1. Suppose we look only past 20 Å in the calculated P(r) of the chain. What percent of the Cα-Cα pairs does that tail hold?
2. Stretched out fully, how many nm does the piece from ALA26 to ALA71 gain, at 0.36 nm a residue minus the Cα gap?
3. Going toward the positive end of the dipole of the stretch 12-109, with +1 on Lys and Arg Cβ and -1 on Asp and Glu Cβ, which of ASN37, ALA52, ALA91 do you reach last?
4. Given Cβ point charges of +1 (Lys, Arg) and -1 (Asp, Glu) and nothing else, what value in debye, to the nearest 20, does the dipole of the stretch 1-71 about its Cα centre take?
5. Given N residues in the stretch 77-124, what is Rg(Cα) / (2.2 N^0.38 Å)?
6. Can you tell me the dipole magnitude for the stretch 59-196 around its Cα centre, using point charges on the Cβ only (Lys, Arg +1; Asp, Glu -1), in Debye to the nearest 20?
7. So what's the gap between the Cα centers of the stretch 1-50 and the stretch 127-162, to the nearest angstrom?
8. Which whole-number percentage describes the relative contact order of the stretch 181-221, with Cα contacts under 8 Å and a sequence gap of 6 or more?
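Where a number appears in this text, it was derived from the coordinates with a stated rule and is not lab data. The structure presented is a predicted model; accordingly, all values stated were derived computationally and were not measured. Cβ placement follows ideal geometry from the backbone for every residue including glycine, while neighbour counts extend to all protein chains displayed.
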Amino acid sequence: MNRWAWAEVSSAAIEHNVRTIAATVAPAQVWAVVKANGYGHGAVLAARAAQAGGAAGLCVALVQEGVALRAAGVTGPILVLSEQPTDALPAALQHDLTLTVYSTRQIAALAAAGAVDHPVHVKVDTGMHRVGAATHDAVELSDAIAASPAVRLAGVFTHLAVADEPANPYTNHQLDRFDEVLAALRTAGHEPPLVHAANSAGALAHPRARYGMVRTGIAIY
Ligand SMILES: *Cc1c(COP(=O)(O)O)cnc(C)c1O
């Protein structure tokens, strides 16, 4: 590439940012989002810096991104943020990547791929309208996970559409719907160990969105 622009990234700055965010959102955990090659800064560099700054886990968009981190020696939890194609699942299992589920189809595909007690997070669509289970399907999906020896409910989450607009009431509307889902899960006997909703803007501007962990991308860079 004959490009004359470059970026110099200080891994110490990423580490500092994660430490600052962690202090702000505590006791919630920080999971650093390092998808898209760490927002272009280098996924392995970003992952190591984030862990040094206190990130409890990492988030990626694709199985291949998680595999690349493992190949570089990165340890600790790595969550893949959306359902993945069937042919990517064996690598996800082999490299101990926590997976996102919003359909019984993905649970069946995981079982067929040989998963045993594999940690999954259920993603609920509370209004982002990109991916996720309908709110009224969350209990049924969690029942299916509990009934399957292939998978274990390790978390439940949603994604905020407009958290970067602090005055927009839509975020509270989404969180109200999410709280209803959490209550329904509890009533049905499901206690997901990790509950999360916040991206960077959610974590910083909406304290009620912090729950047990936050997924910060842009703010760590
Ligand atoms: C990319 C992504 C994030 C991080 O968003 P930022 O605004 O960069 O903090 C969080 N959650 C999900 C599901 C994402 O896809």
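1. Values: 14075 of 24310 pairs.
It works out to 58 percent of all Cα pairs.
2. Values: separation 45, 0.36 × 45 = 16.20 nm, distance 3.05 nm.
Roughly 13.1 nm would be gained on extension.
3. Projecting each Cα onto the dipole axis, the largest value belongs to ALA52.
4. On the way: 5 positive and 3 negative charges, 16 e Å.
About 80 debye.
5. On the way: Rg = 9.3 Å, N = 48, 2.2 N^0.38 = 9.6 Å.
Ratio of Cα Rg to 2.2 N^0.38 Å: 0.98.
6. Working: 7 positive and 15 negative charges, 52 e Å.
Computed charge dipole of the stretch 59-196: roughly 260 debye.
7. 28 Å
8. On the way: 43 pairs, mean separation 14.7, N = 41.
Computed over the stretch 181-221, the figure is 36 percent.
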